[in-house]
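First the structure, in the form of structure tokens, and then the observations on it.
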Amino acid sequence: MEKLLIKGGKPLKGRVAVSGAKNATVALIPAALLANDTCVLENLPQIRDVSVLKEIVEKMGAKVQMNERGTMEIVSSGLCNSHISNGKVKELRASYYLLGALLARFGEVSMAYPGGCDIGLRPIDQHIKGFKALGAEVEIEHGIISLKAKKLAGAHIFLDVVSVGATINLMIAATMAEGTTVLENVAKEPHVVDVANFLNSMGAEVKGAGTDVIKIRGVERMHGSTYMAIPDQIEAGTYMIAAAAIPGGDVVIESVIPKHLDSIAAKLIEMGVEVQFNGDSVRVRNHRRPKSVDIKTLPYPGFPTDLQQPITPLLAQAEGTSMITESIWEGRFRHVDELKRMGADIKVEGRVAVIEGIESLSGARVSATDLRAGAALVIAGLMAKGETEVCNLFHIDRGYENLEGKLASLGAEIKRINY
Ligand code: EPZ
């Protein structure tokens, strides 16, 4: 077992580069399977979700190679299996994109229900509703989802909730359907646009990604392509928060797309933090204790739920009372109990957390309950007086490439040890 040991109180200084976007990558890999050909994906993050997905598609007959610079070659001409027996699908949520990709390519697929972070109910009814509208028969039995269609046909689908996963999955599934598919009330996250761009580079005709309505004109077949994933806006936001966490911090975060960081930048500025964009980098400086703010998580371009947990420790030490309203996931406050062990004064009532800022958190032994909770506890450890131990690191490893290495390069006293 491994844990992180963090000695708090040192302001971060220096430059750090952001890796490729996790939530784009976990959709790009399944999307690559649409072509009976070779795809090369560049700038992928070296994280556990990517290696698990690699194992799953290899087991299905694809040949996959990834180098240490994050370039993955996927040869899917040998893909022979649309029944995904691999229990690993339960290790990550995004395995649901295999449903859309294999349904489109083979007209059938069966797979165990996907897993992922425990952050509340995670239904996939909108995915299923969309697959049915495209002409698939759907069966769910003993935890296995099976989809079958003689020929998918374009359809008009209005999503009841704005869902990133359903938007991407239906976009993938509709690429080779007969006729045109119109998806309405869709998610506008940067990774939705990234996947649409990749699909288009493979020969698909997807228009409107990044707006409320996406139109997909079905094509006969898709071909291989070389494509570079966008930088991870949540990783970038996490380092922006970490830079602001300790007065005296001065960090330049490189390889970012500034537009993707508007909401986190605006919130940090409201807290009194200096944020300056320059080309594809952002400099974050903080000289004083941050001011309290209210945050409501919303679909893009609103404040991302995935940064709600990482920013909580800042609010825990801010001047005054802050309020967080989590409107996406009802169970995304499991980090709060851990932060309380570090002295935080936080009350959670349903989807709202009220945070009374205290002078200083104190180091404690805490446990990551999910991916972004892990990031929150690491940031709390950087801020706290004394030593913090963070365990359950597999959650962090699912989605952050070399978190402790990047933080150590900024001067943080953090190390991973076996115990
Ligand atoms: C994606 O999850 C991300 N995961 C999550 O990131 C992120 O928190 C979430 O989008 C919101 O931005 C991946 O991309 C792999 P949704 P996803 O479908 O697609 C409801 C992280 O930390 N809903 O947009 O599963 C749902 O309950 C992770 O990196 C339905 O009701 O999220 C939620 O309230 C965690 N029915 C809301 O919609 C459905 O069929 C948004 O979910 C689908 C979703």
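The values are calculated or read from the model by the stated rules, or taken from the named source; none is laboratory data. These numbers were taken from a predicted model, which means no experiment stands behind them. For neighbour counting, all protein chains shown are included, and Cβ atoms are generated from backbone atoms with ideal geometry for every residue, glycine included.
Identification of strands (runs of 3 or more DSSP E) wholly contained in the stretch 265-310 with 1 or more residues that are acidic (D, E) and at pLDDT 95 or above yields 274-278, 294-296.
In this structure, is E68 part of a helix (DSSP H, G or I), farther than 24 Å from T167 by Cβ and at pLDDT below 95? First the steps, then the outcome.
Working: part of a helix (DSSP H, G or I): no; farther than 24 Å from T167 by Cβ: yes; at pLDDT below 95: yes.
No: the conditions fail for E68.
Here is the figure for the stretch 39-56: residues that are within 18 Å of H223 (Cα to Cα) and surrounded by 17 or more Cβ atoms within 10 Å (Cβ to Cβ) total 2.
Filtering K347, K385 for residues that are of a type in the set (K, R), more than 26 Å from the chain's Cα centre (by Cα) and surrounded by fewer than 15 Cβ atoms within 10 Å (Cβ to Cβ) leaves a single hit, K347.
Condition check for D118 on (1) among the acidic types (D, E); (2) touching a residue at least 60 places away in the same chain (Cβ under 8 Å); (3) not in a loop (DSSP other than H, G, I, E, B): one failure, at (3).
Of the residues making up the stretch 323-336, just one is closer than 28 Å to L393 by Cβ and assigned to a strand (DSSP E or B), namely I324. Are any of the residues in the stretch 394-405 closer than 24 Å to K13 by Cα, in contact with a His (Cβ under 8 Å, 6 or more places away or on another chain) and buried (at least 24 other Cβ atoms within 10 Å of the Cβ)? Checked against the condition, which is being closer than 24 Å to K13 by Cα, in contact with a His (Cβ under 8 Å, 6 or more places away or on another chain) and buried (at least 24 other Cβ atoms within 10 Å of the Cβ), the stretch 394-405 yields no hits at all.
What about L103, is it within 16 Å of the ligand (Cβ to nearest atom), in the same structural domain as G135 (by TED's automatic domain parsing) and assigned to a loop (DSSP other than H, G, I, E, B)? Full working, then the answer.
Working: within 16 Å of the ligand (Cβ to nearest atom): yes; in the same structural domain as G135 (by TED's automatic domain parsing): yes; assigned to a loop (DSSP other than H, G, I, E, B): no.
Criteria not met by L103.
Here K129 fulfils each of the conditions (1) over 24 Å from S82 (Cβ atoms); (2) basic (K, R); (3) assigned to a helix (DSSP H, G or I) apart from (1).
Any chance the stretch 365-373 includes a residue that's of a type in the set (S, T, Y), within 26 Å of A266 (Cα to Cα) and crowded, with 23+ Cβ neighbours inside 10 Å? First the steps, then the outcome.
Step one: of the stretch 365-373, the residues of a type in the set (S, T, Y) are 367, 369.
Adding the requirement that they be within 26 Å of A266 (Cα to Cα) leaves none.
There is no residue in the stretch 365-373 that is of a type in the set (S, T, Y), within 26 Å of A266 (Cα to Cα) and crowded, with 23+ Cβ neighbours inside 10 Å.
Sort through I264, I214, I253 and tell me the only one that's outside the structural domain of N402 (by TED's automatic domain parsing), more than 18 Å from T25 (Cα to Cα), under 22 Å from the mean Cα position of the chain (by Cα) and aliphatic (A, V, I, L, M). Lay out the reasoning, then the answer.
On the way: I264 fails: outside the structural domain of N402 (by TED's automatic domain parsing); I253 fails: outside the structural domain of N402 (by TED's automatic domain parsing).
Only one candidate passes the filter, namely I214.
Where residues in the stretch 323-340 are in contact (Cβ under 8 Å) with a residue 60 or more places away in the chain and within 9 Å of T305 (Cα to Cα), which of them is surrounded by the fewest Cβ atoms within 10 Å (Cβ to Cβ)? Ranking the qualifying residues of the stretch 323-340, first place goes to W329. Within the stretch 4-22, the presence of a residue that is under 15 Å from L98 (Cα atoms) and within 24 Å of the chain's Cα centre (by Cα) is excluded. Restricted to the stretch 142-165, and to residues there that are over 16 Å from T211 (Cβ atoms) and small (G, A, S), the residue that is nearest to the ligand (Cβ to nearest atom) is G165. Between H335, H287, the distinction of being over 20 Å from L377 (Cα atoms) and not polar (S, T, N, Q) belongs to H287 only.
Among the residues of this structure, I145 counts as one that is among the β-branched types (V, I, T) and farther than 26 Å from S225 by Cβ. The residues on offer are V219, V293, V282, V273, and the sole one that is in contact (Cβ under 8 Å) with a residue 40 or more places away in the chain and assigned by TED's automatic domain parsing to the domain that holds R332 is V282.
Against the numbered list (1) over 24 Å from S163 (Cα atoms); (2) within 12 Å of the ligand (Cβ to nearest atom), L298 comes up short only at (1).
Contact annotation: residue pairs with Cβ atoms under 8 Å, 6 or more positions apart or on different chains, pairing a residue in the stretch 121-135 that is farther than 8 Å from A155 by Cβ and within 8 Å of the ligand (Cβ to nearest atom) with a partner that is at pLDDT below 95 and in a helix (DSSP H, G or I), are R122/R93; I124/Y96; H127/Y96. Can you find, within the stretch 311-322, the residue that is surrounded by the fewest Cβ atoms within 10 Å (Cβ to Cβ) among those that are in a helix (DSSP H, G or I) and in contact with a Pro (Cβ under 9 Å, 6 or more places away or on another chain)? Filtering the stretch 311-322 for residues that are in a helix (DSSP H, G or I) and in contact with a Pro (Cβ under 9 Å, 6 or more places away or on another chain), the one surrounded by the fewest Cβ atoms within 10 Å (Cβ to Cβ) comes out as L315.
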